[in-house]
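See structure below.
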Amino acid sequence: MPKIAEIESTPNPNAMKFILREPLTWGITRSYDSADRANGDPLASRLFQIDHVVNVFYVDHWITVTQDGKADWQELMRKLAVPIRDAPAADEESAQLAAQASDAVKSEDLSDSDRARLDKINEILDEQVRPYLQGDGGDLYVLGIEGNRLTVHYQGACGSCPSSISGTLAGIENLVRQIEPDIEVVAV
């Protein structure tokens with residue numbers, strides 16, 4: 001049962017980040033934007049049962065919950081704390097699933113040159129972008145590369161944050177253009 005160590009606001013006024021003393025997963029990202037999508041995930045399903053919850057994102061030692069902007073955060077956080085504290089900590093099964101997910105990404109149907117391009121892009125994102133997004137309760141997932149178009153998806157607090165679609169996306173595109181000058185970065 002993860003204990004909540006801290007609760008932090010994020011740049012998105014409708015999202016809060018809960019930092020936990022014990023991990024919920026071992027490197028497996030869970031991101032849901034509806035109760036239907038959270039079906040099969042006991043923690044996310046319980047959180048979506050709470051009025052005003054519109055997004056649940058968690059990985060390792062933290063979870064970000066986004067609300068619709070109509071709830072009082074103090075009251076909502078008290079309700080959210082119950083299922084978060086009741087959630088089981090990460091276990092060996094989570095570690096195995098993380099290894100399987102990593103293997104699946106490596107076997108994508110990409111050419112060797114596109115795989116090398118994507119590896120370089122992910123390396124620069126891992127070093128210079130993801131730590132900051134994760135610090136703010138979100139993350140960025142690369143969906144794919146096709147020609148000179150890189151498709152990304154924001155998760156957690158970043159998914160509905162106004163600055164992620166404008167300033168952050170432009171910053172990511174400028175950073176990636178250091179290694180791929182003609183690339184276009186599109187968020188979906």
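For the reader, a short list of remarks on this structure follows.
- Unmet criterion (only one of (1) of a type in the set (D, E, K, R); (2) loosely packed, with under 12 Cβ neighbours inside 10 Å; (3) more than 22 Å from Gly27 (Cβ to Cβ)) for Glu123: (3)
- Top-ranked residue of the range 162-183 - restricted to ones that are of a type in the set (A, V, I, L, M) and at pLDDT 90 or above, ranked as farthest from Gln128 (Cα to Cα): Ile183
- Matching residues in the range 138-185 - criterion: being in a loop (DSSP other than H, G, I, E, B), loosely packed, with under 15 Cβ neighbours inside 10 Å and at negative phi: Asn148, Arg177, Gln178, Ile179, Pro181, Asp182
- Candidate set: the range 66-102, residues that are touching a Leu at 6+ places or on another chain (Cβ under 7 Å), within 16 Å of Gln49 (Cα to Cα) and not in a helix (DSSP H, G or I); chosen: the one modelled with the lowest pLDDT: Ala87
- Here Glu8 fulfils each of the conditions (1) within 20 Å of Arg130 (Cβ to Cβ); (2) surrounded by 18 or more Cβ atoms within 10 Å (Cβ to Cβ) apart from (2).
- Restricting attention to the range 21-46 and to residues that are more than 15 Å from the chain's Cα centre (by Cα) and among the polar types (S, T, N, Q), the residue that is modelled with the highest pLDDT turns out to be Ser45.
- None of Arg130, Arg117 is assigned by TED's automatic domain parsing to the domain that holds Pro181, surrounded by 13 or more Cβ atoms within 10 Å (Cβ to Cβ) and under 20 Å from Ser9 (Cα atoms) except Arg130.
The values are calculated or read from the model by the stated rules, or taken from the named source; none is laboratory data. Owing to the predicted nature of the structure, the values given are computational and were not obtained by experimental measurement. We place every Cβ from the backbone using ideal geometry, glycine too, and count neighbours over all the protein chains shown.
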